[in-house]
Amino acid sequence: MELKEGKHRILMVSDFFYPNFGGVENHIYLLSQCLLKLGHKVVVMTHAYGNRSGVRYMTNGLKVYYVPWKPFLMQNTLPTFYGTLPIIRTILIRERISLVHGHQAFSTLCHEALMHARTMGYKVIFTDHSLYGFSDIGSIHMNKVLQFTLADVSQAICVSHTSKENTVLRSGLPPEKVYVIPNAVDTTMFKPAPERLCMDPIVIVVISRLVYRKGADLLVEVIPEVCHLYPNVRFIIGGDGPKRVRLEEMREKHSLQDRVDMLGAVPHAKVRSVLNSGHIFLNSSLTEAFCIAILEAASCGLLTVSTRVGGVPEVLPDDMIVLAKPDPSDMVHAIKKAIRILPHIDPQEMHLRMKEMYSWHDVAKRTEIVYDHALRCSNQTLLERLPRYLTCGAWAGKLFCLVMIIDFILWRLLQLWQPDSEVEPVPDFKPTELKRG
């Protein structure tokens, strides 16, 4: 099966993909599905998850390489610099890839794949899904790694304007090379309940990883105060993490066992049913580039109360969200305001507005334009590319140049050991052919 003119062969790379669930995983999967419908070939590369290793096919023939690397920390593979070069080279040649699209600055596999792809002359795109600081040790380290990766990317994508400013400041990337393409929501999956819920009790839903960055400590202070002010308010908390213990201690201390339900980790397939059991969605994140959970809640007709951080103010219109400072008293005030305007919220109307505002098909079309721009970038030799790395710092620049020179030498040795012509390309299959098989 030959692709039509103007269509691309795309390799999506990230440590974060199915069967793991999260914003990055959903973004890669849903974007890939829409790109397939537009006629492109899409292949995903991620690390092995448990016994899930090798090649798997997903909906509409989406091909996934689960390479035999095991995660060692927060679903990230151990950095090897050059250990992934042979398998990435083989996949690129076998699948006849035209460009590589890496996702998430946390992903080790993403950084290594983009480095090897540039060494081999492929065009690369990077999508940043998170915000980072500038002062703590972890952020300083991550920002330097990002500066190395983005020094030679063809184009970059951010999910909000706030995220773009953050990425440009952290990496030194020219702003004209960074596009803003927001996330979207599958409105066919996230629909309101057929009948409007009774307003007594008022149910506030929280679905989040219970970690510091997601503001779990704020919830510990906000929930008792809201329960004290409104006897008819209940909370449903879905999610797991190290801060779950603090929430359970809070529930015991204030005797709120009958008013605060702790669901634990919620499978993505059941998120809609949890959202449909509530009236208000509460997001307490301390940092957020773009919160897909807010879109899912709004698509289900819930009024959102959220901290005013990162790209959150860009997500919804003012009449669909109540924003607050990441401060307990201000969040309680925002919840009071949300309860007052709740009778005027029409879940079905909110869902229809979300269908008009957000579409994964639109995200795919805009990403397609970025791909076209990337492929029009000029091809450059290693010597032409090395000066970009020298701008990364007095010592770091020289180190990055050395890393790229070694990568180039290893790639040339691989070509001598197994020329490109000896790597057999795989045939392309249409989804209908896979079903018949």
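Odds and ends about this structure:
- Those residues of region 19-45 which are touching a helix residue (DSSP H, G or I) at 6+ places or on another chain (Cβ under 7 Å) and either farther than 18 Å from residue 364 by Cβ or free of Cβ contacts under 8 Å to residues at least 24 places away in the same chain (or both), in sequence order: 21, 45
- Meets criteria (of a type in the set (Asp, Glu) and free of Cβ contacts under 8 Å to residues at least 60 places away in the same chain) for residue 186: no
- Condition met for residue 293 (out of contact with any Pro (no Cβ under 9 Å at 6 or more places or on another chain), surrounded by fewer than 16 Cβ atoms within 10 Å (Cβ to Cβ) and within 21 Å of residue 358 (Cβ to Cβ)): no
- Of all residues in region 287-301, one or more are within 27 Å of residue 133 (Cα to Cα) and either free of Cβ contacts under 8 Å to residues at least 12 places away in the same chain or polar (S, T, N, Q) (or both).
- All positions within region 1-38 that are small (Gly, Ala, Ser) and open to solvent by less than 10 Å² (accessible area, probe 1.4 Å): 14, 32
- For region 339-368, residues that are closer than 22 Å to residue 25 by Cα, in contact (Cβ under 8 Å) with a residue 12 or more places away in the chain and not aromatic (Phe, Trp, Tyr) total 11.
- Residue within region 323-333 that is in a helix (DSSP H, G or I) and of a type in the set (Gly, Ala, Ser) present: yes
- Of the helices (runs of 4 or more DSSP H) lying entirely inside region 338-420, those containing at least 2 residues that are open to solvent by less than 60 Å² (accessible area, probe 1.4 Å), within 30 Å of residue 192 (Cβ to Cβ) and in contact with a Leu (Cβ under 7 Å, 6 or more places away or on another chain) are 360-375.
- Residues located in region 302-315, provided they are over 20 Å from residue 222 (Cβ atoms) and open to solvent by 10 Å² or more (accessible area, probe 1.4 Å): 314
- Reported count of residues in region 128-160, each being part of a helix (DSSP H, G or I) and either at pLDDT 95 or above or among the hydroxyl-bearing types (Ser, Thr, Tyr) (or both), is 2.
- Contacts under 7 angstrom Cβ, first residue in region 304-322 being in contact (Cβ under 8 Å) with a residue 12 or more places away in the chain, partner acidic (Asp, Glu) and surrounded by 22 or more Cβ atoms within 10 Å (Cβ to Cβ), 6 or more apart: 309/288; 310/288; 311/288; 312/288
The values are calculated or read from the model by the stated rules, or taken from the named source; none is laboratory data. What you see is a predicted model; the values in this text were computed from it and never measured. Positions of Cβ are generated from backbone atoms using ideal geometry, with glycine treated the same way; all protein chains shown enter the neighbour counts. Calculation scope for accessible area: heavy atoms of the full protein, side chains included, ligands and nucleic acids excluded. Shrake-Rupley method; radii C 1.70, N 1.55, O 1.52, S 1.80 Å.
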